[in-house]
1. Give, in whole angstrom and from largest to smallest, the semi-axes √(5λ) of the equivalent ellipsoid of the chain, with λ running over the eigenvalues of the Cα gyration tensor.
2. Is it possible to state the helix-based mean residue ellipticity at 222 nm for the chain, with each DSSP H run of 4+ residues giving -39500 (n - 2.57), the sum divided by total residues, to the nearest 500 deg cm²/dmol? What is it?
3. Calculate the spin-label point distance for Y11 paired with E85, positioning each point 7 Å from the Cα along the beta-carbon direction, and give it in nanometres.
4. Tally Lys and Arg at +1 and Asp and Glu at -1 over the other residues with C-beta under 15 Å from the C-beta of S65: what net charge comes out?
5. Where Lys and Arg each count +1 and Asp and Glu each count -1, what net charge lies around S83 among other residues with Cβ under 9 Å from its Cβ?
6. Give K67/K122; K86/K113; K32/K71 a once-over and call out the pairs whose C-alpha atoms are over 22 Å from each other.
Amino acid sequence: MRYIRFVVAGYRKENWRRWHPLSLTGIITRAKIEIKKKTFSKENLEKIEDIFYWLNTNIPCPPFSEKLKSKEWNENCICWWDSKEKITINKMTPIINILRSHDMVIRTLKKNKPLNIKYRDKFQIVTEVKWQNNES
């Protein structure tokens, strides 16, 4: 089984090739951040809100708040989409295009056998990422 994750790696004007893995933000989280910052036009905001409505209506929401509060999950838990769920994956395309129109660099990460799976449903998994800082 293959899983994918869409992330913002940086901005075109920055040296985005020198990113640290923990600095990658998923596109849904980035879109929520940009909504709070009032980055989007009314038209793009409506598109994103329609997609969020569809996701909230059709896709289970992993229990992030509950699991973080109980310390069962750490802050480095991230979602990966099941690549077989094409309808859900296709819903991400407008968000990707809107973020790109704001000079954000979007990358697709792929994993065949993710480790540390904390949650799973038909559409997605949540994995806990354990990073080691090897910098001197």
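Here, each number is a calculation from the coordinates, and none is a lab measurement. Quick caveat: nothing in here was measured; it's all calculated off a predicted structure. Note that we place each Cβ from the backbone using ideal geometry, even for glycine, and neighbour counts take in every protein chain shown.
1. In descending order the semi-axes read 23, 20, 15 Å.
2. -11000 deg cm²/dmol
3. 3.2 nm
4. Details: positive: K32, K67, K69, K71, K118; negative: E66, E72, E75.
Once positives and negatives cancel, what remains is +2.
5. Net charge in that neighbourhood comes out at +2.
6. Checking Cα-Cα distances, K32/K71 exceed 22 Å.
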